[in-house]
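In what follows, a single structure is set out as structure tokens and then discussed.
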Amino acid sequence: MTGFPYRLVATDLDGTLLRGDGSVSPRTREALAAAARAGAAHIVVTGRNVGWTRHVLDDLGYDGLAVCGQGAQVYHAGEHRLLTSVTLDRRAARHAVDALEAELGPLWVAATRDGADGIVLFDPAGFPGLVPERIEGEPLAAVPYADRAELWAEPLMKLYLRHPELDDDELTEAATRLVNTTVGVVMAGPGTVELLPLGLSKASGLSIAGRRLGVRGADTIAFGDMPNDIPMFRWAAHGVAMAGAHPAVVEIADEVTAGNEEDGIALVLEKLLATG
């Protein structure tokens, strides 16, 4: 081992660091640990809110910073403390949903409330099985609603949208065309089109965390698989798409590695550690 060319390793969670069963492989854990021994910090950058990320970080023994909620939250895992939080203007969000439904017809809508323990409110008709994971036998914090007015009752971090007929790419394109001057629009995963505070992205959250860590985009290698990772790739010096990533991510990536089930992150890190 001769060195490592980056000071920061930024990884998405779902479809990237995590395998399909929600675990991180021993090989990937060791590769991240080896990168840390070579002087590179690891930072998780995820669309999940803190409440849906904390148990993953604890399982990893992760005690650094994490960027959650598509960049809305910077969380200190070692201290279990939320450092920054950006909220979605509820009036702008409500007007955006109204504008989309006027053009596209009825939508299914869910929302993440602000805060480290912010719950997810969801329409059970459009988001069945939204909370498949459990922590010590208890489901992650999500509550079905019967009246959409409940969505706007407390500060929000983001909204999730689904359409009964449009697929994710079609819904993302339509939402970007119709409302992206008042809210941000991103596709974060299968069945996950989100409305965010305008200008928010994984890159903006990562930039805040990077300043706290004393590292820049030029010091960073990033791994991801979905369009919400594109701003992070643009911020980082080197972007690595996972096998099976969304075509838009593959197009912008500097490199494509194996999938999350085949230790794609470890393959890249091991090569860099051996040749850096």
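The values are calculated or read from the model by the stated rules, or taken from the named source; none is laboratory data. It should be emphasised that the depicted structure is a prediction, and the values quoted were computed from it without experimental measurement. Methodologically, a virtual Cβ is constructed for each residue, glycine included, from the backbone with ideal geometry; neighbour enumeration extends over all protein chains shown. Surface areas here come from the heavy atoms of the whole protein model, side chains and all, with no ligands, DNA or RNA. Shrake-Rupley method; radii C 1.70, N 1.55, O 1.52, S 1.80 Å.
Points to keep in mind about this one:
- Accessible-area rank, largest first, for 75, 62: 62, 75, with all protein chains present and a 1.4 angstrom probe.
- Between the range 1-43 and the range 201-257, the alpha-carbon centres lie 14 Å apart.
- Scaling against 2.2 N^0.38 Å puts the C-alpha radius of gyration of the range 16-150 at 1.22.
- Note that the range 138-186 presents 50 Å² accessible area per residue, ligands and nucleic acids not counted, probe 1.4 Å.
- Length released on extending from residue 36 to residue 23, taking residue separation times 0.36 nm less the Cα-Cα span: 2.7 nm
- Alpha carbon centroid spacing (whole Å) that separates the range 56-133 from the range 172-192: 15 Å
- Once backbone amide H atoms are built at 1.01 Å from N, residue 83 has 74, 75, 76 as its partners under 5 Å, excluding neighbours fewer than 5 places away on the same chain.
- Note on the chain: with charges restricted to the Cβ of Lys and Arg (+1) and Asp and Glu (-1), its dipole about the Cα centre is near 1080 debye.
- Rolling a 1.4 Å probe over the protein heavy atoms leaves residue 98 with an accessible area of roughly 80 Å².
- Dividing the summed helix terms, -39500 (n - 2.57) for each DSSP H run of n ≥ 4, by the number of residues in the chain produces a 222 nm estimate of -9000 deg cm²/dmol to the nearest 500.
- On Cα atoms only, tilt of 90-104 relative to the major axis of the chain in degrees: 70 degrees
- When 87, 46 are compared by accessible surface with a 1.4 Å probe, the order from highest to lowest is 87, 46.
- The heavy atoms of residue 262 present about 110 square angstrom of accessible area, all protein chains included, probe 1.4 Å.
- Around the amide H of residue 43, modelled in the peptide plane, lie the amide H atoms of 9, 10, 11, all under 5 Å away and 5 or more residues distant in sequence or on another chain.
- Residue (of 3, 171, 75) at the positive-pole extreme of the chain, dipole from beta-carbon charges: 3
- Calculated FRET value between residue 147 and residue 182, using beta carbons and R₀ = 25 Å, to 0.05: 0.55
- Taking only protein heavy atoms and a 1.4 Å probe, the accessible area of the range 167-259 is 52% carbon and sulfur.
- Dipole in debye (nearest 20) - the range 1-111, about Cα centre, beta carbon charges: Lys, Arg +1; Asp, Glu -1: 300 debye
- Each of residue 81 and residue 237 was given a label point 7 Å from its Cα along the Cα-to-Cβ line. The distance between the two points is 3.0 nm.
- Amide hydrogen neighbours beyond the local backbone of residue 49, cut-off 5 Å, H modeled: 69
- Counting only protein chain heavy atoms and rolling a 1.4 Å probe, the accessible areas of 58, 63, 123 rank, largest first, as 63, 58, 123.
- Residue 182 - accessible surface, heavy atoms, 1.4 Å probe, Å² rounded to 10: 70 Å²
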